[in-house]
Amino acid sequence: MIEPEPTSNAADDWVARAASLGDGLSALGVRYDAAPVYPADSMALLTGAGLHRTFAPTASGGEHFPGPVERHLAMMDVLRHIGRADLSIGRLFEGHVNALELFGWYGSDAQKEVLGCRLAAGAIYGVWATEPPPGVTLAQSDGPVTLHGEKIFATGAGGVAHAVITAQPASGERQLVVVRADVAIRADLSGWRVRGMRATGSGRYSLEQMTVEPDDLLGDAGDYDREPRFTTGAWRFTAVQLGGIESLLGETRLAMRPATRSDAVQRARFADAVAAARTAYFWVRECALRAARDDPDGPAFARMTRGVVERAALDVMELAARITGTHSAMDGTRIDKITRDLSLYLRQGGPDYARDQAALAWLDRDVWGAGDELW
């Protein structure tokens, strides 16, 4: 497969494309929020702009960025812009980008070629790791290797074309497996009754008796859990959340009437919201840079960034409600939808544990490092 030559304005071009889709994604988001189904039209906007291939391995048709720093900063801004438009689509796209990263790190040449063909046809991927006990297992008796079990909170279940899932072999560490994810009879969205992030369709997906071919095994057992990539990768969903915070801040500003803007107390609240949003931005950007370098301290940074972004989001949501009053709770307003989506999206696993682990790392030494240690 021919790899594209690097271009100096590649990052700016892809970020501009993502920004240009904002109004369209926002409008479609209202529709999918009211009648939650897989947001095919929204995802079609992304594939139509080529964004679904941007961060794929170059052997699969992905953009050839000058280096990992440029690539990660472009990824951050694309995720932010999509998150600003619709957090549900941002969550779906972040899962797709996560899958592309896994292919880039662990995929064989043949798997990358297959990925390129599927992306050329507009395929969207997900990554599913959450499961109820006893988990998803790989088994083989006299016949082929098969999967057993199901995934829960499987974003895009029944809608995305393929998913990279984790499965437990008879012995050893977890194995990544690429599976079909759009088999309607395997998807159960009946339990996804939520007030926000409705269009993500994060339901259950049965993998029972699904046959696994050798080419479906991505990388080696244990690759998915390898640090620093596993934990540091959380920076990507914080970038989407950051986009939601920034959008909420912008909508709050637009909703401030002249009387509100002339009130010093309300202006102070708005200033607090700006500071919170920009603080989150600086941490997400720094974490993206650490990820670009495979920094051994990336996990501590990601854990701290999760808490910083959560705190910023909670503060901006409260400040938006105090500034705009009843308007913030009106059905059909952007402030209401963003708040509902963001409230749910913040509920990532183990926030207290993540913050505590970050604190332990900083107590040991100033993880910020880079010649600017405080202790």
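The values are calculated or read from the model by the stated rules, or taken from the named source; none is laboratory data. None of these values were measured; they are calculated from a predicted model. Please note: Cβ atoms are built from the backbone with ideal geometry, for glycine as well, and neighbour counts cover all protein chains shown. Side chains included, ligands, DNA and RNA excluded: accessible areas come from the protein's heavy atoms. Shrake-Rupley method; radii C 1.70, N 1.55, O 1.52, S 1.80 Å.
Scanning the stretch 276-313 for residues that are open to solvent by 60 Å² or more (accessible area, probe 1.4 Å), in contact (Cβ under 8 Å) with a residue 24 or more places away in the chain and at negative phi yields 279, 285, 293, 296, 311. Within the stretch 199-207, one or more residues are hydrophobic (A, V, I, L, M, F, W, C), buried (at least 18 other Cβ atoms within 10 Å of the Cβ) and not in a loop (DSSP other than H, G, I, E, B).
Within the stretch 314-324, can you find the residues that are aliphatic (A, V, I, L, M) and open to solvent by 40 Å² or more (accessible area, probe 1.4 Å)?
314, 321 - these are the residues of the stretch 314-324 that are aliphatic (A, V, I, L, M) and open to solvent by 40 Å² or more (accessible area, probe 1.4 Å).
Of the helices (runs of 4 or more DSSP H) lying entirely inside the stretch 276-375, the ones with 3 or more residues being within 24 Å of residue 95 (Cβ to Cβ) and aliphatic (A, V, I, L, M) are found at 298-324, 334-345. Taken over the stretch 251-275, the residue count meeting the criterion of being open to solvent by less than 80 Å² (accessible area, probe 1.4 Å) and not in a helix (DSSP H, G or I) is 2.
When residue 143 is tested against the conditions (1) assigned to a helix (DSSP H, G or I); (2) out of contact with any Ser or Thr (no Cβ under 8 Å at 6 or more places or on another chain), the lone failure is (1).
Answer yes if at least one residue in the stretch 18-32 is crowded, with 18+ Cβ neighbours inside 10 Å and in contact with a Pro (Cβ under 6 Å, 6 or more places away or on another chain), and no otherwise. Within the stretch 18-32, one or more residues are crowded, with 18+ Cβ neighbours inside 10 Å and in contact with a Pro (Cβ under 6 Å, 6 or more places away or on another chain). Within the stretch 77-135, the set of residues being over 14 Å from the mean Cα position of the chain (by Cα) and in a loop (DSSP other than H, G, I, E, B) comprises 107, 108, 121, 122, 123, 130, 131, 132, 133, 134, 135. Take the conditions (1) hydrophobic (A, V, I, L, M, F, W, C); (2) under 19 Å from residue 200 (Cβ atoms); (3) out of contact with any helix residue (DSSP H, G or I) (no Cβ under 6 Å at 6 or more places or on another chain); residue 121 misses just one of them, which is (2).
Determine which member of the set 177, 160 is open to solvent by less than 10 Å² (accessible area, probe 1.4 Å), within 23 Å of the chain's Cα centre (by Cα), among the β-branched types (Val, Ile, Thr) and over 21 Å from residue 122 (Cβ atoms). Talk me through it step by step, then tell me what you get.
On the way: 160 fails: over 21 Å from residue 122 (Cβ atoms).
Unique residue meeting the criteria: 177.
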